[in-house]
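> Supplied in structure tokens, the structure appears directly below.
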Amino acid sequence: MARYEEATKASTIGAITRDWDALVDLVAPELERIYRDAARLAAKDAGYGPFGQLNEAARDYARKRAAEMVGKKWVDGELVDNPNAKYAITDATRQRLRDLTELAFDDGMSPRDLRSAILESSDFSASRAQLISQTELTNAQAQSAMDSWSQSGVVAKKIWLLSNDHGVPDECDENAAAGEIPVDEAFPSGHMAPGAHPGCFCDCAAVLE
């Protein structure tokens, strides 16, 4: 009986999450556009033309990050599980779904009640969706600027700029305190650029030769 119940729980979670891979094709084009626009802006601000591999770099970033968001990676043209995915939005969601499903079985909830509990969960709230989108926007823009600056030949260093909304001390303070560092060097937190954490809205500025 216990084995059957565990299998049923796993099947329920799988049925809810099996379409997450479809997010890759939905998210990638938007990430590509954000990356490309940010690269052009970074080039314009620093006074040079966009680097030649802009479109290819944008596609590569978008494809890789879209897969990583759902805990996947590309191997020989196929999506496979990636246990080391950074900021995978599915990690916390899977755990929450698992908790809710176990609660539903323990409390004898109906499928309708479980559906309502899932929809009311904070994991599917508008605030979490906005946090994810803002975080991904910051990361795509920052990575694009770093790639553009590294290939420009005119950007020597970079500085970490704290967000106006930065109120809680964290690794971003240490990054900002580092001052000007070489453009291809990591900040003290180990990050090449913002964001250093989910919800990080810090920025980076180029220091020309």
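The values are calculated or read from the model by the stated rules, or taken from the named source; none is laboratory data. As the structure is a prediction and not an experimental result, all values here were calculated from the model. Heads up, the Cβs are rebuilt from the backbone with ideal geometry, glycines too, and the neighbour counts pull from every protein chain shown. The area values use the complete protein model at the heavy-atom level, side chains included, leaving out ligands, DNA and RNA. Shrake-Rupley method; radii C 1.70, N 1.55, O 1.52, S 1.80 Å.
> Please state which of the following conditions Lys86 fails to meet, knowing it meets all the rest: (1) assigned to a helix (DSSP H, G or I); (2) within 21 Å of the chain's Cα centre (by Cα).
(1)
> Please go through segment 107-128 and pick out each residue that is touching a residue at least 60 places away in the same chain (Cβ under 8 Å) and outside any helix (DSSP H, G or I).
The answer is none; no residue qualifies.
> If we scan segment 166-184, do we find a residue that is in contact with a Cys (Cβ under 7 Å, 6 or more places away or on another chain) and at pLDDT 90 or above?
Taking segment 166-184 and keeping what is in contact with a Cys (Cβ under 7 Å, 6 or more places away or on another chain), we get 166, 172.
With at pLDDT 90 or above added as a condition, the list becomes 172.
Within segment 166-184, one or more residues are in contact with a Cys (Cβ under 7 Å, 6 or more places away or on another chain) and at pLDDT 90 or above.
> Another question about this same structure. On the given criteria, is Asp19 part of a loop (DSSP other than H, G, I, E, B) and modelled with pLDDT under 80? If you could, list the steps in order and put the result at the bottom.
Details: part of a loop (DSSP other than H, G, I, E, B): yes; modelled with pLDDT under 80: yes.
Yes; evaluated as a whole, the condition is true for this residue.
> Also, I was wondering about something else. Is it true that Asp203 is open to solvent by 50 Å² or more (accessible area, probe 1.4 Å) and under 15 Å from Asp45 (Cβ atoms)?
Against the criterion (open to solvent by 50 Å² or more (accessible area, probe 1.4 Å) and under 15 Å from Asp45 (Cβ atoms)), Asp203 qualifies.
> Something else about it: Residues to consider are Arg94, Arg98; find the one that is touching a residue at least 60 places away in the same chain (Cβ under 8 Å) and open to solvent by 80 Å² or more (accessible area, probe 1.4 Å).
Arg98
> So how many residues does segment 162-197 have that are touching a residue at least 40 places away in the same chain (Cβ under 8 Å) and within 15 Å of Gln143 (Cα to Cα)? Break it down stepwise before answering.
Step one: list which residues in segment 162-197 are touching a residue at least 40 places away in the same chain (Cβ under 8 Å), which gives 162-163, 192-195.
Now narrow it down to the ones that are within 15 Å of Gln143 (Cα to Cα): 192-195.
Summing the residues that are touching a residue at least 40 places away in the same chain (Cβ under 8 Å) and within 15 Å of Gln143 (Cα to Cα) in segment 162-197 gives 4.
> If Ala66 satisfies all but one of (1) at pLDDT below 90; (2) open to solvent by less than 60 Å² (accessible area, probe 1.4 Å), what's the number of the condition it fails?
The single condition Ala66 does not satisfy is (1).
> Can you name the residue in segment 145-161 that is among the small types (Gly, Ala, Ser) and either assigned to a loop (DSSP other than H, G, I, E, B) or free of Cβ contacts under 8 Å to residues at least 40 places away in the same chain (or both) and, of all such residues, is nearest to Phe201 (Cα to Cα)?
First, the residues of segment 145-161 that are among the small types (Gly, Ala, Ser): 145, 148, 150, 152-153, 156.
Of the ones still in play, those that are also either assigned to a loop (DSSP other than H, G, I, E, B) or free of Cβ contacts under 8 Å to residues at least 40 places away in the same chain (or both) are 150, 153.
Numbers: Ser150: 22, Gly153: 27 Å.
Once the filter is applied, the top-ranked residue is Ser150.
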